[in-house]
Amino acid sequence: MSNKSVVEALVKAPGLINNLNAEFIPAEWDGKDTSGIRVVGKTVLVLVDECSPVTSGGIHLTPDAIEKFSAGCETGVLVAVSPGAFLVNEDFTAWTGDKPEPGNRVYIEKYAGKIVRGADGRKYRLMDYSCIGAVYG
């Protein structure tokens, strides 16, 4: 069975993967930015959660499936915020309210930004600050 067939079978299997959302392992961050990536402009750096290689139902995902689901991850830990982030709203009015800070768990837009590998070997998303939809946890 090809990798594509396996992924299609997993997606169609009831209770395993719903709406192409896999199960993710929450990213752990110790509070130190070891990425080696310096954010500039109005960008942020998010350490994204990783797709679990085994589902709660015991299904082992292929490397291709893990990569595909990881690319669509919508949660992670905010690691770095550039000086220009969270200053203005999209309508160019001054930002009001709380500003997300490094260490916050955040919801991000699916496929937002660029996936980059840090100096520490971990995968991050480098994106515009407006791609963060909420802080939780």
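The values are calculated or read from the model by the stated rules, or taken from the named source; none is laboratory data. Remember, predicted model here, so these are calculated numbers, not experimental data. Ideal geometry is used to build each Cβ from the backbone, glycine not excepted, and the neighbour counts take in all protein chains shown.
When the range 74-106 is filtered for residues that are in contact with a Lys or Arg (Cβ under 8 Å, 6 or more places away or on another chain) and part of a loop (DSSP other than H, G, I, E, B), the ones remaining, listed by number, are Glu74, Ser82, Gly84, Ala85, Phe86, Leu87. Scanning the range 91-108 for residues that are without any contact (Cβ under 8 Å) to a residue 24 or more places away in the chain and surrounded by 10 or more Cβ atoms within 10 Å (Cβ to Cβ) yields Trp95, Lys99, Glu101. Residues of the range 111-130 include at least one that is in a helix (DSSP H, G or I), at pLDDT 95 or above and surrounded by 13 or more Cβ atoms within 10 Å (Cβ to Cβ). Regarding the range 52-73, can at least one residue be identified that is in contact with a strand residue (DSSP E or B) (Cβ under 6 Å, 6 or more places away or on another chain), under 15 Å from Ile25 (Cβ atoms), touching a residue at least 12 places away in the same chain (Cβ under 8 Å) and assigned to a strand (DSSP E or B)? Within the range 52-73, not a single residue is in contact with a strand residue (DSSP E or B) (Cβ under 6 Å, 6 or more places away or on another chain), under 15 Å from Ile25 (Cβ atoms), touching a residue at least 12 places away in the same chain (Cβ under 8 Å) and assigned to a strand (DSSP E or B). Within the bounds of the range 72-85, is there any residue that is under 20 Å from Gly41 (Cβ atoms) and surrounded by fewer than 16 Cβ atoms within 10 Å (Cβ to Cβ)? Yes: the range 72-85 contains one or more residues that are under 20 Å from Gly41 (Cβ atoms) and surrounded by fewer than 16 Cβ atoms within 10 Å (Cβ to Cβ).
Return a yes/no flag: does the range 40-47 have any residue that is under 19 Å from Gly137 (Cβ atoms), in contact with a helix residue (DSSP H, G or I) (Cβ under 7 Å, 6 or more places away or on another chain) and either among the β-branched types (Val, Ile, Thr) or surrounded by 13 or more Cβ atoms within 10 Å (Cβ to Cβ) (or both). Scanning the range 40-47, I find at least one residue that is under 19 Å from Gly137 (Cβ atoms), in contact with a helix residue (DSSP H, G or I) (Cβ under 7 Å, 6 or more places away or on another chain) and either among the β-branched types (Val, Ile, Thr) or surrounded by 13 or more Cβ atoms within 10 Å (Cβ to Cβ) (or both), so the answer is yes. Taken as a whole, the range 68-78 holds no residue that is at pLDDT below 95 and more than 16 Å from Val48 (Cα to Cα). Is the range 116-129 home to any residue that is more than 19 Å from Thr34 (Cα to Cα) and without any contact (Cβ under 8 Å) to a residue 24 or more places away in the chain? Checking the range 116-129: not a single residue is more than 19 Å from Thr34 (Cα to Cα) and without any contact (Cβ under 8 Å) to a residue 24 or more places away in the chain.
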